[in-house]
Amino acid sequence: MGMQPVNEDLLEQIDAYIDELFVPPDTALEQNLKDADAAGLPAIAISPAQGRLMYLLAKMSGARRILEVGTLGGYSTTCLARALPADGKLVTLELKPEHAVVARKNLDRAGVGGLVEIRVGRAGDLMDKMIGAGEAAFDFVFIDADKPAYVGYLKQILQLSHSGTIIIGDNLIRHADVVAAVAPDELAVGVKAYNKMIATDPRLESILLPILKDKIDGMSISRVK
Ligand code: SAH
Ligand code: DHB
Ligand code: MG
């Protein structure tokens, strides 16, 4: 199967149409992206519409404990933390201390800082510690860090979950890299392995959704049986 050309301008128009109708102007999130950019962070946060979707999913699921893998400047963290009740908690894992500093400032300014704990280190190591310490299970998890490690993260997350835990994965279509005859890089190999696992592991029921930005990407939704 050959790759089909994609009209990126049309994708942007559709995304903008959805934003205009469903994503209210949001000073805190706009300032988040400005500060992340000023600090030299890469512009790879989830889109505003995806943030809206994740906020709704977290809220609909009634999540009280949320785990995020990959904080960057705290954009997705803010969207998710806003779905928590006042006594809820979000733990977010970030490799780079300089990202965590930007995120902390953004989360405090957005008014959700008190709900969020940022842990700095390699996510795999941090989750090993959490499992070892018998940390309470999470209701909702967002995976958005280094793509080759997604399957390993999922195995750890299953040990930090309960029946009903929702697990979201980001960047799972990668501008159609997952349907290329040969996976073009190890990121595509990583997300294809993740998609295969969530589609086939008997402990999960899942779906993969296309997400439009300037390009086509995807996010998965899994539920632990
Ligand atoms: N969730 C964010 C975007 C995350 S970008 C948002 O949508 O707003 C991916 C982040 O994962 C980066 O900040 C990167 O530093 C971090 N990361 C990469 N490898 C990691 C690892 N091994 N452990 C923890 N974080 C990692
Ligand atoms: C990219 C986008 C992401 O959402 C991410 O987590 C990592 C990389 C990208 O567009 O390169
Ligand atoms: Mg991402």
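A few remarks follow.
- Pairs beyond 29 Å (Cα-Cα), from K34/K225; K129/K215; K105/K225; K147/K213; K192/K225: K34/K225; K129/K215; K105/K225
- Each other residue within a Cβ distance under 15 Å of A181 adds +1 if Lys or Arg and -1 if Asp or Glu, for a net charge of 0.
- Annotation: amide H-H contacts under 5 Å for L204 (H modelled 1.01 Å from N, sequence separation of 5 or more, or interchain): K225.
- Here's the picture: charge each Lys and Arg Cβ at +1 and each Asp and Glu Cβ at -1 in the chain, and of V189, V69, G132 the one pushed furthest to the positive end of that dipole is G132.
- In a simple Cβ point-charge model (Lys, Arg +1; Asp, Glu -1; nothing else charged), the chain has a dipole of about 840 debye relative to its Cα centre.
- Whole-Hz ³J(HN,Hα) from phi, Karplus 6.51 cos²θ - 1.76 cosθ + 1.60, for region 25-39, glycine and proline x: x, 9, 4, 5, 6, 5, 5, 4, 5, 4, 5, 4, 5, 4, 7
- For the chain, Kirkwood radius (reciprocal of mean inverse C-alpha pair distance, Å): 17.9
- Dipole-positive endmost among L80, A39, H162 within the chain (Cβ charges, Cα centre): H162
- Those trypsin sites (Lys or Arg not before Pro) in region 90-122 that DSSP places in a loop and that have at most 16 other beta carbons within 10 Å: R122
- Simple label model, 7 Å out from Cα along Cβ direction - V120 to I44, nm: 2.0
- Expected 222 nm ellipticity per residue - DSSP helices of 4 or more, -39500 (n - 2.57), all of the chain, to 500: -13000 deg cm²/dmol
- Stretching L187 away from V101 to a fully extended chain increases their span by 28.3 nm, per 0.36 nm per residue minus the current alpha-carbon distance.
- Approximate shape of region 79-135 as ellipsoid semi-axes (Cα gyration tensor, √5λ), whole Å, largest first: 21, 16, 7
- Length released on extending from I216 to T200, taking residue separation times 0.36 nm less the Cα-Cα span: 3.4 nm
- Annotation for region 191-225 versus region 20-62: alpha-carbon center distance of 21 Å.
Read-outs throughout are calculated quantities, based only on the coordinates presented, and are distinct from any laboratory measurement. On a predicted model such as this, the values are computed, not experimentally measured, just so you know. So basically every Cβ, Gly included, is an ideal-geometry build from the backbone, and we count neighbours across all protein chains shown.
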